[in-house]
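Student: Right, I'll just put the structure down here and ask away after.
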Amino acid sequence: MRNLIKKVIVLLLALSILIFPEIQVNASQDIKTTFKDVKSTSWYFTYVTKLADLKITGGYEDGTYRPNNSVTRAEFVTFLCNVKGYKQMQGNPFIDSRESWASGYITAALANGIIDIPADQKFYPNYAITRLEAVEMMCRALNISADEKMETPYTDVKDNKGYSTAAYSNYLMQGSLDKDKRYFYPGTKITRAETATIIVNAYDYNLDKMAYLNKRIEEEKAKKEEAEKYAAWQESVKGISPSLLNNKDYLKKGSVYESNKYLKEETTFMKNWGAKYGMTEDELANEVVRVGNDIMNLWYNADYRKLDVLEKGFKSIADQVFIINYMKRNIEYVKNNKFVSEGKFQTSTGLIIIEDDGDFALRGTIKYRYLSPTSDDVLKSEIVGSTGKQIVLNTWYEQDYRITFYPEETGLKFTGMDAISAVRLCE
């Protein structure tokens, strides 16, 4: 009997499209596409902007979008009706929604199978919609059946998994990752920022399903490839000082990773310089690290009693400009100050980066200490950043450096080394 009544109601609702005049949709009004509280750097900016451009929402009268606010069931069903192009309809059968501003959309949603009428004949239009409710409405609006066969990708979905699983496989709602586990948070109230993402996805899917899916598949493929690149980079810099990894000075891009990636993917340095020596790009990267290690370990293991070792080392890895203009001066400095040091340079191929001037350099951290009888003039020349005091003998310190290079005919040579951080006590 109840099913018969439901069928009659739906039939009457369908007929009402022909009988009753259309009610103007709010989306036809002039809508601002920018909002005071939506920054261009926000993850949801493009979605909110597109939602406004499509005239699916206009935000609030004060020029805000209020991205963190919850969304009511009436608002969400209205968004979906606008995505589908459904007009408002008369004859709302829900006893709690007939006077609602969204009454016509609620009626249209019922007539088009987005929602059902429950036993209590209530829609609860002003209740904040949950993610579980939203995903079901969206899937039904897009004619996507609940997928009860596929294993849910979500750790926190045990029951009613069909629609969230179907939305996941169609790249419409994909939850959140936390420590390699995916969560859907089915009972959580959905925000206006999240709603913008869902509705824009639904709009694009409804417009051209295959184009949408192909685009999302390519995006996911690119995202996976990027994640693999980043994981490989992280592995390459394991054990490197966080201070160095977070140092953005002289970088071409906003991070060490991005600057390393830019060097490899957007420049020809490694390819062209490698070809000069008959090396692959990976082989050249290893050569850069070798030369960088050699120069830093040579200098920070200098001993005024072994000047011949220092001179020989400089001649083997320094470029001609350094040898002609600076080598003698550096050797004299070691000799006159009875310089004795002990150190170890830490670097990796993941720290070869493109700099803001367009050249490439190697970064790394030197861990070192000065030993007796190194003169006080050397100690006075270096100040610990956190204390403002000069360094002392037999204490381990560390400092971040950048090393630059030039490809001479006889091999890759270093051209200079510059500190890019203050001296600090060893971590």
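Student: Order these by the 10 Å Cβ neighbour count, fewest first: E258, E226, E151.
Tutor: By the 10 Å Cβ count, ascending: E151, E226, E258.
Student: Using r as the Cβ-Cβ distance of A232 and L425, and R0 as 25 Å, what FRET efficiency do you calculate, to the nearest 0.05?
Tutor: About 0.20, to the nearest 0.05.
Student: Can I ask one more? With springs connecting C-alpha atoms under 10 Å apart, model the chain as a Gaussian network and identify which of K389, K87, K224 has the largest mean-square fluctuation.
Tutor: Top of the fluctuation ranking is K389.
Student: Further, regarding this structure: Compute the distance from the alpha-carbon center of region 178-214 to that of region 360-427, in whole Å.
Tutor: Taking the Cα centre of region 360-427 as reference, the centre of region 178-214 is 50 Å away.
Student: Further question on the same structure: If you average over every viewing direction, what projected area does the convex hull of the Cα atoms of region 259-360 give, in nm²?
Tutor: In nm², the orientation-averaged hull projection of region 259-360 is 7.3.
Student: Between D249 and D208, how high is the FRET efficiency from 1/(1 + (r/R0)^6) when r is the Cβ-Cβ distance and R₀ = 56 Å? Nearest 0.05.
Tutor: Calculated transfer efficiency: 0.75.
Student: Restricting attention to the alpha-carbon atoms of region 2-215, what are Rg (one decimal) and Dmax (integer), both in Å?
Tutor: 17.3, 55
Student: How high is the relative contact order of region 121-279? Use alpha-carbon pairs under 8 Å, at least six apart in sequence, and give a whole percent.
Tutor: 16 percent
Student: Give me the percent relative contact order of region 2-215, please, defined on Cα pairs under 8 angstrom at least 6 residues apart.
Tutor: About 21 percent, as a whole number.
Student: Once the principal axes of the Cα atoms of region 199-253 are found, what is the range along each, listed largest first in whole angstroms?
Tutor: 49, 21, 18
Student: Taking a spot 7 Å from the Cα of T267 along the direction of its beta carbon, which residues of region 342-369 have an amide N less than 20 Å from it?
Tutor: 347-365
Student: Quote the relative contact order of the chain in percent (integer), defining contacts as alpha-carbon pairs under 8 Å separated by 6+ residues.
Tutor: 10 percent
Student: Also, quick follow-up: Kindly work out what percent of the DSSP beta bridges joining two residues of the chain are antiparallel, to the nearest 5.
Tutor: The antiparallel proportion sits near 95 percent.
Student: Using only the alpha-carbon atoms, how far is helix 131-141 inclined from the longest principal axis of the chain? Give it as 0 to 90 degrees, nearest 10.
Tutor: 60 degrees
Student: Set the bar at 32 Å for Cα to Cα. Now go through K189/K248; K149/K221; K36/K261 and name every pair that lies beyond it.
Tutor: Violating the 32 Å Cα-Cα cut-off are K189/K248; K36/K261.
Student: Can you tell me which of P93, P118, P67 moves the most in a GNM of the chain? Springs connect C-alpha atoms under 10 Å apart.
Tutor: P118
Student: If I build a Gaussian network model for the chain, linking alpha-carbon pairs within less than 10 angstrom, which residue out of S70, S236, S40 has the largest mean-square fluctuation?
Tutor: Most flexible of the set in this elastic network: S40.
Just so you know, all these numbers are worked out from the coordinates, no wet-lab data involved. Remember, predicted model here, so these are calculated numbers, not experimental data. Glycine gets a Cβ as well: all are built from the backbone with ideal geometry, and neighbour counts include every protein chain shown.
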